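One structure below.
Bear in mind these aren't lab numbers, they're just calculated from the coordinates by the rules spelled out. Given the structure is predicted, the values throughout are model-derived calculations rather than measurements. Cβ placement follows ideal geometry from the backbone for every residue including glycine, while neighbour counts extend to all protein chains displayed.
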Amino acid sequence: MSTFDKLMHASRPFLTDGGFETWLFFQQGFEAPEFAAITLIDDLEAEAAMRRYFGEFLKLAEQAVSGFVLDTNSWRGCVSWAEKLGFGEQELLDLSRKSVRFAQSIRDEWQGRVDPILVNGVIGPCGDGYSPSDLPTAVEAQALHAPQIGVLAQAGVDMFSAITMTNVPEAVGIARAANETGKPVVISFTLETDGTLPTGVTLRDAITAVDRETGSAPAYYMINCAHPDHFRDVVANGEPWTDRIGAVRANASRLSHAELDNAEVLDEGDPGEFGELHVELARRLTKLRVVGGCCGTDMRHVSCVSRHLHAAIAA
């Protein structure tokens, strides 16, 4: 059985990390253009911090006797970001390759203590993750994302996750490009406070459209960068499409994307409440396979999720 098959057939949700970029930039004081942690992969101080960061979450997974999805720090690795980040396209692709090697080195340190650990090739939007404009067609998106997806695949990721997707065509293009590598892909949509995508499309319609246009290529879907209050009613009806949601990485804050984008201070929310809300989500999302956090979350939040959720499953 492959490591991804183990995830799909696990009896309890795997863990992943929290709000990596908000932790790195707001809490640790690192700086990078466009929130692009990928540009810090050759910074020895940042590398040491990232190793400590993922090590804490892996220790939590070890204590919880859970598998772990280990992200590459490649969210801003699409070639569309090269010029804004001050890199040539090939230079940026080389950083994606390095991000896989870095994640693999962390996995090697923890193998035998956490099983399995999946190296997850992270793909981000080709444009702004909060306010989409000039959206690509599915064909354009496939061409834009294929170079990074190819590099991540060649470097040996176990799976892909397209994080903070704002629109259907880009999700379709990524799913098609990833499908050509033969590796599983997860599509994660971000939602506004009303539970719809930033483009105004409902989550139900987005998932249905991507499945229709790709022959159900995504292994499952994820919701990220939204507080549980923003989408718990959306997934409460128990309709069949909700079975396609296999992961949640929620925000600590109830603020809107616009408010978060303009915030100068990190809103860390309430870690205890955050954990309790995930028990309710798990009752509604019966195919939930991976839990972690997004903006504003850290070890405190994911630890509370793990404690509450795994206790509820054990009961």
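Just need the relative contact order of segment 13-314 here, percent rounded to a whole number, with Cα pairs under 8 Å and 6+ apart. If you can, show how the numbers build up before the last one.
Values: 627 pairs, mean separation 56.8, N = 302.
So the answer I get is 19 percent.
Based on the mean of other beta carbon atoms within 10 Å per residue, what is the order of 181-188, 214-221, 197-204, most packed first?
Listed from highest to lowest mean packing, they are 181-188, 214-221, 197-204.
Cut-off is 10 Å between beta-carbons; in what order do Phe231, Phe189 appear when sorted fewest neighbours first? Numbers along the way, then the final one.
Details: Phe231 24, Phe189 28.
Placing the least packed residue first, the sequence is Phe231, Phe189.
With a 10 Å radius around each residue's Cβ, average the other Cβ atoms per peptide and rank 274-287, 100-113, highest first. It would help to have the intermediate numbers written out before the result.
Numbers: 274-287: 17.9, 100-113: 15.9.
Top to bottom by mean Cβ count within 10 Å: 274-287, 100-113.
Treating only the Cβ atoms of Lys and Arg (+1) and Asp and Glu (-1) as charged, compute the dipole magnitude of the chain about its Cα centre; round to the nearest 20 debye.
Using only the charged Cβ atoms, the result is roughly 1260 debye.
Please rank Met159, Met299, Met1, fewest neighbouring Cβ atoms within 10 Å first, as an exposure proxy.
Numbers: Met159 20, Met299 17, Met1 8.
Fewest-to-most ranking of Met159, Met299, Met1: Met1, Met299, Met159.
Listing Asp71, Asp261 from the residue with the fewest other Cβ atoms within 10 Å to the one with the most, what is the order?
Numbers: Asp71 23, Asp261 12.
Ranked by crowding around the Cβ, least crowded first: Asp261, Asp71.
Using Cα positions and a limit of under 30 Å, work out the lysines in reach of Lys84, with same-chain residues fewer than 8 apart set aside.
Within the straight-line cut-off, Lys84 pairs with Lys98, Lys183.
Rounded if a/c is under 1.5, else prolate if a/b beats b/c, else oblate: with a ≥ b ≥ c from the C-alpha gyration tensor eigenvalues square-rooted, which is the chain?
rounded
Between Gly67, Gly293, Gly86, where does the largest GNM mean-square fluctuation fall for the chain, given springs only between Cα atoms within less than 10 Å?
Taking springs between Cα atoms under 10 Å, the residue moving most is Gly86.
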